[in-house]
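Have a look at the structure below, then the notes.
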Amino acid sequence: MNYNSLVNNISAQLNTLDPASVKNVLRSLARQREMLGKIIQCIQEGIIAVSSDGKILFANNTAEEMLDFELSRFKNHNIELILPGIDCANIARNDNPSWEKKSTAEIEIFRPKHRILQISAFPLEKGTFDDSMDGFVAILRDVTREKVDEEEYVNSEHMQRVRTLAGSLAHEIGNPLNAISLNLQLLAREMKSLPNEETRDDLEELVQVASDEVKRLDTYIRDFLRALRPGVLKFEPCNVLEVLAKSLRDMKPEIEEHRILVSIDHPEKLPVIQADNQHLQHVFFNLIKNAIQAMKDQGKLMIRLYADDRDVSISFRDNGEGISKDFFEKNLFKPLKTTKTNGNGYGLSIIQRTVQEHGGRIDVSSKPGEGTCFTLVLPIANRKMRLLN
């Protein structure tokens, strides 16, 4: 129920009550409002409500402390004054109001002290603050200590041993997998000459199952190593369309096997971005693969690229099963959390980390039964500020 519907419903109920009952209802609502306000002020995460044109509408005490400002002085002022580089209009925009949507990013601030903040933003229904105003609420979480702990752990002697062992195990497992894969390809080639068509078909199906399992194990190993050893990104001028084309070529056999219709919409020219081509290609590859797995055969994957004077955006929209509300709110991007029977839960966490390392953000919208849309927003090469350097 949106704000206007709630007001109309309450008004209709009040009209049926006598003055004393109305007074009791209003007193109860006031107490509940006061209690909710106290709860919001006690929350350790920062909460800021912002209009689509960037005006600060509300902030709790934690947000004021994190960003060193007072709501009484900054209310109705532009969020850029305290959080430069936030694209309010795009975060607030919700092309599918019935879909769940969130945006995630990390920013680095230096006032009042050096902090790394993780931002999750959710669009607000029109009418929440004003009948004609869109907006969003941003949840700010201080992850500075987590980042320091993570870096210290990654550089620790124990972690180095774990990585060495993991690399050795991956190598020892990878070699037999490569040999099995090669022999399965040779076996499939030899089976084409078998005279008995029924026997040939049965054997080809068995070989295909074995090949798929080998590919799945290989993916697990690569994702595990990538999660364990993120590596240093090598930024260089990047043509996003070329990287996307390479990812689609790599996925072509799977796209054709599942008869997925892929459409691409993009302008004639896109700005150059600074990116690690290999890591960005891996992000595209995983998003395309996730979309295919979420759809039945003959599904539709719509890829759209667009740009403004700040960012290049790449959206991947499928018409698959969508993401449940509970998983969307609690487990999206969490390692080892997955809705797939054969999934490992590393993919989305790696995608999120890679996008954030590129100074970008991810917008996700989804609705069970209708589909999911992942949008990557990456800063253009000559942009003066990145969300996180």
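What follows draws every value from the coordinates through simple rules; no lab data is involved. Fair warning: this is a prediction, and the values are worked out from it, not measured in the lab. Cβ atoms come from the backbone with ideal geometry, glycine included; neighbour counts cover every protein chain shown.
Reported to the nearest whole Å, the Cα centre-to-centre distance from region 186-209 to region 66-80 is 69. For the pair VAL209 and LYS325, a Förster radius of 41 Å applied to the C-beta separation gives a FRET efficiency near 0.75, rounded to the nearest 0.05.
Extension gain, ASP53 to ARG141, is 29.4 nm, computed as 0.36 nm per intervening residue step minus the present C-alpha separation.
Judged by the mean number of other Cβ atoms found within 10 Å, the most tightly packed of the peptides 358-364, 43-49 leads the ranking 358-364, 43-49. Here the peptides 193-199, 281-287, 246-252, 180-186 are ranked by packing, the mean other Cβ count within 10 Å, and the order with the highest first is 281-287, 246-252, 180-186, 193-199. Based on every Cα atom in region 184-330, Rg and the maximum pairwise Cα distance Dmax equal 19.0, 63 Å.
Applying 1/(1 + (r/R0)^6) with R0 = 22 Å to the Cβ-Cβ distance of ARG304 and LYS334, what FRET efficiency is obtained, to the nearest 0.05?
0.25
Excluding same-chain neighbours fewer than eight residues apart, the lysines reachable from LYS38 by a Cα-Cα span under 20 Å are LYS75. Within the same chain, lysines fewer than 8 places from LYS300 are excluded, and of the rest, those with a Cα less than 17 Å from its Cα are LYS252, LYS289, LYS367.
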